[in-house]
Amino acid sequence: MSVAFVKEESAEAASETLLPDRPISSHPNLVTEAGLKALELQLQQAREAYDAASTIEDVNERRRQAANPLRDLRYFTTRVRTAQVMPDPISFDTVAFGSTVTFSRDDGRVQTYRVVGEDEADPKAGSISFVSPVARTLIGKTIGDVVSLGGQELEVIAIA
């Protein structure tokens with residue numbers, strides 16, 4: 001008889017709905033205060049989505065609907081637990097975690113990014129991860145420093 005006509009749970013159906021864990025970075029989980037709050041909110045949203053899926057009566061549909069929230073619960077639980085809140089920089093002399101750095105490229109573009117944790121990075125919104133190539137190259141630099149990255153030169157023009 002086809003599994004489609006059997007209401008009993010099967011190991012095969014269960015394995016189809018267990019999603020692999022989201023990858024966890026090997027880097028320290030440095031976050032800003034706002035980054036920790038965002039992680040906690042995402043954890044809460046994952047809990048709410050999982051709880052909502054848990055009320056579905058059909059076991060196979062419940063598994064399908066709970067798969068993503070369950071994976072997110074595992075991920076965000078770990079990220080909140082391992083978060084290391086970094087204080088805001090007290091000096092604007094050098095680029096550091098939490099700094100907002102403005103730099104010019106040799107093609108004339110000027111860009112501004114805040115250096116933040118991996119989970120809170122959003123380049124389109126003006127933030128980059130502290131482990132990104134640009135941030136790694138700029139951390140520790142001062143205004144006027146010129147660095148090479150990917151065949152281009154970047155000059156630090158402001159730090160806030």
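The values are calculated or read from the model by the stated rules, or taken from the named source; none is laboratory data. All values reported here derive from a predicted model rather than from experimental measurement. Positions of Cβ are backbone-derived with ideal geometry, glycine not excepted, and every protein chain shown enters the neighbour counts.
Screening Thr100 with (1) touching a helix residue (DSSP H, G or I) at 6+ places or on another chain (Cβ under 9 Å); (2) closer than 25 Å to Leu154 by Cβ gives one miss only, at (1). If you check Val59, Val80 for being surrounded by fewer than 19 Cβ atoms within 10 Å (Cβ to Cβ), in the same structural domain as Leu39 (by TED's automatic domain parsing), out of contact with any His (no Cβ under 7 Å at 6 or more places or on another chain) and at pLDDT below 95, only one passes: Val59.
Every residue, every condition in (1) closer than 30 Å to Asp51 by Cβ; (2) β-branched (Val, Ile, Thr), yes or no:
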{"position": "Arg79", "(1), (2)": "yes, no"}
{"position": "Phe97", "(1), (2)": "no, no"}
{"position": "Gln111", "(1), (2)": "no, no"}
{"position": "Val146", "(1), (2)": "no, yes"}
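Taking each residue of region 71-91 that is in contact (Cβ under 8 Å) with a residue 12 or more places away in the chain and looking for partners that are outside any loop (DSSP other than H, G, I, E, B) and surrounded by fewer than 14 Cβ atoms within 10 Å (Cβ to Cβ) with beta-carbon atoms closer than 7 Å, six or more apart or interchain, yields Val85/Glu33.
Residues considered: Ser91, Ser26, Ser54. Of these, the only one that is of a type in the set (S, T, N, Q), touching a helix residue (DSSP H, G or I) at 6+ places or on another chain (Cβ under 7 Å) and not assigned by TED's automatic domain parsing to the domain that holds Ile143 is Ser54. Out of Gly98, Gly35, one residue alone is on the phi > 0 side of the Ramachandran plot, modelled with pLDDT of 95 or more and surrounded by 14 or more Cβ atoms within 10 Å (Cβ to Cβ). It is Gly98. Name the one entry in Ala66, Ala52 that is part of a helix (DSSP H, G or I) and crowded, with 19+ Cβ neighbours inside 10 Å. Every option except Ala66 fails the conditions. Filtering region 121-134 down to residues that are free of Cβ contacts under 8 Å to residues at least 12 places away in the same chain and of a type in the set (A, V, I, L, M), which residue is nearest to Val85 (Cα to Cα)? Ranking the candidates gives Ala121 first. Taking region 107-133 as the range and being in contact with a helix residue (DSSP H, G or I) (Cβ under 8 Å, 6 or more places away or on another chain) and either among the aromatic types (Phe, Trp, Tyr) or in a strand (DSSP E or B) (or both) as the test, the residues that pass are Tyr113, Val115, Val116, Ile128, Ser129, Phe130. Return the residue satisfying two criteria in turn: it lies in region 104-142 and is within 19 Å of Thr94 (Cβ to Cβ) and charged (D, E, K, R), and of such residues it is surrounded by the fewest Cβ atoms within 10 Å (Cβ to Cβ). Ranking the qualifying residues of region 104-142, first place goes to Arg136. In region 135-148, the residues that are free of Cβ contacts under 8 Å to residues at least 12 places away in the same chain reach residues that are of a type outside the set (A, V, I, L, M) and in a loop (DSSP other than H, G, I, E, B) with C-beta atoms within less than 7 angstrom, at least six apart or across chains, in these pairs: Val147/Lys141. Taking Gln84 as the residue in question, decide whether it is of a type in the set (S, T, N, Q) and touching a Phe, Trp or Tyr at 6+ places or on another chain (Cβ under 7 Å). Here the answer is no, as Gln84 does not meet what is asked.
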